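Here the structure comes first, spelled out in structure tokens, and everything after it is commentary.
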Amino acid sequence: MADNPGEEVTEDLKLLLPFGFKLVTPAFHSFETGQIEWQIMGTRAGEFDLDFRIGQNTYSKKILIGPPSRPFSPHLGKKGFVEKMFNPMEELLPIESPIAAIDLGYQARSFSLRIFDWSMHWLVAFLVIAIVFGLFCRKLLKVS
């Protein structure tokens, strides 16, 4: 995402995908917000570097496919105390970078209830099922 909306950085920004990734949709430029979005898909598990090239400069962001093997942050911002505190796992973007931040939008895991066509986060579904099961077993075991 560029610092200023309408900045010319969007024309020069290129996404370099590592082996094992494919581009699902081409770049979408939102000139109102200054953001560029791609949809990509990984075909194999592991930790990879997504590279973004502007002119001669290349900026990298770690991407994780599969179960996490170490702490991981889907956000990468510019250097600073607050950014480093929330993302100590990888090198931050330089202050002079024309890219303000790189955010990975992972698909949320959800649990769909086929009866009512509801979709909810798996943790909410787990808690509801655990409470209902606990209340049911309480009567069977005669626990008050």
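Residue pairs whose Cβ atoms lie under 6 Å apart, separated by 6 or more positions or on different chains, with the first residue in the range 111-130 and on the phi < 0 side of the Ramachandran plot and surrounded by 12 or more Cβ atoms within 10 Å (Cβ to Cβ) and the second assigned to a strand (DSSP E or B) and at pLDDT 70 or above, are 111/120.
Taking residue 90, is it closer than 20 Å to residue 40 by Cβ and at pLDDT 80 or above? Spelling it out, residue 90 is indeed closer than 20 Å to residue 40 by Cβ and at pLDDT 80 or above. When the range 80-93 is filtered for residues that are touching a strand residue (DSSP E or B) at 6+ places or on another chain (Cβ under 7 Å) and part of a loop (DSSP other than H, G, I, E, B), the ones remaining, listed by number, are 87, 90, 92.
Pairs linking a residue in the range 35-54 that is closer than 14 Å to residue 100 by Cα to a residue that is crowded, with 16+ Cβ neighbours inside 10 Å and not aliphatic (A, V, I, L, M), with Cβ atoms under 7 Å and 6 or more positions apart or on different chains, are 36/10; 52/59; 54/98.
Listed conditions (1) among the hydrophobic types (A, V, I, L, M, F, W, C); (2) closer than 26 Å to residue 19 by Cβ; (3) at pLDDT 85 or above are all met by residue 65, apart from (3).
The set of residues in the range 19-43 that are loosely packed, with under 13 Cβ neighbours inside 10 Å and in a loop (DSSP other than H, G, I, E, B) comprises 19, 31, 32, 33, 43.
Applying a threshold of 9 Å to beta carbon distances and a minimum spacing of six or more residues, or different chains, the list of pairs starting in the range 57-79 at a residue that is over 13 Å from residue 99 (Cα atoms) and among the small types (Gly, Ala, Ser) and ending at one that is at pLDDT below 85 and loosely packed, with under 14 Cβ neighbours inside 10 Å reads 73/86; 73/88; 73/89; 73/90.
Each row is one residue, and each column tells you yes or no for (1) assigned by TED's automatic domain parsing to the domain that holds residue 51; (2) at pLDDT 85 or above.
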{"residue": "95", "(1), (2)": "yes, yes"}
{"residue": "98", "(1), (2)": "yes, yes"}
{"residue": "119", "(1), (2)": "no, no"}
{"residue": "125", "(1), (2)": "no, no"}
{"residue": "128", "(1), (2)": "no, yes"}
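The values are calculated or read from the model by the stated rules, or taken from the named source; none is laboratory data. Model, not experiment: these values are computed from the prediction. Every residue, glycine among them, receives a Cβ derived from its backbone with ideal geometry; neighbour counts consider all protein chains shown.
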